[in-house]
Amino acid sequence: ADEEINKNNERTIPERGENLNLLQSICTIDFWLLFFVSACGMGSGLATVNNVSQIGESFGYSTIATSTLTFLWSIWNFIGRFGSGFVSDYFLHAQGWSRPLFITITLATMSIGHAVIASGLPGALYAGLVLVGIGYGSQWSLMPTIVSEIFGPATYGSNI
């Protein structure tokens, strides 16, 4: 029942949104694109939060300021997780925008945030961490929904 068999006993490739099991999902380009996006986006966000105190120290921020940076990143991470689901759902139904488009926007936001952090300008670390926090949180909110939409909700547990 995982793959349909047509009249000539040939296996057909399931369409997007059909319930693909894990092995069928791995054989699609969508799986590998999502894997690459998730590895790059979530990996860079995780590296940023893990090293925010070292980044702050290297820019000359005090211990209190680096604690504030971690707090700031955490708050915007929450806002990204909470808000991206609502925003993507609104634009999906109102404008017809796809959720993978929001992953692209999220990665662009994170890239800008990393560039702002790397600039080393005074106060840039605060602005950059806000952008990276929003992007990182948004990915955690959007990725499960995208997996469900592309590979089907019945096999969601094994595909995520």
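The values are calculated or read from the model by the stated rules, or taken from the named source; none is laboratory data. Values in this document were obtained by computation on a predicted structure and should not be read as measured data. Cβ coordinates were reconstructed from backbone atoms using ideal geometry, including for glycine residues, and neighbour counts include every protein chain displayed. Surface accessibility is based on the protein's heavy atoms, side chains included, excluding ligands, DNA and RNA. Shrake-Rupley method; radii C 1.70, N 1.55, O 1.52, S 1.80 Å.
How many residues are surrounded by fewer than 17 Cβ atoms within 10 Å (Cβ to Cβ) and either assigned to a helix (DSSP H, G or I) or in contact (Cβ under 8 Å) with a residue 40 or more places away in the chain (or both) when one looks only at region 115-125? Reasoning before the result, please.
Here is the first cut: in region 115-125, the ones surrounded by fewer than 17 Cβ atoms within 10 Å (Cβ to Cβ) are 115, 118-124.
Still in the list and also either assigned to a helix (DSSP H, G or I) or in contact (Cβ under 8 Å) with a residue 40 or more places away in the chain (or both): 115, 118-120, 124.
Matching residues across region 115-125 total 5.
In region 49-91, which residue that is within 13 Å of V132 (Cβ to Cβ) and aromatic (F, W, Y) is most open to solvent (accessible area, probe 1.4 Å)?
Of the residues in region 49-91, the ones within 13 Å of V132 (Cβ to Cβ) are 49-52, 55, 69-70, 72-77, 79-80.
Now restrict to residues that are aromatic (F, W, Y): 73, 76.
Values: W73: 14, W76: 80 Å².
If we take residues in region 49-91 being within 13 Å of V132 (Cβ to Cβ) and aromatic (F, W, Y), then W76 is most open to solvent (accessible area, probe 1.4 Å).
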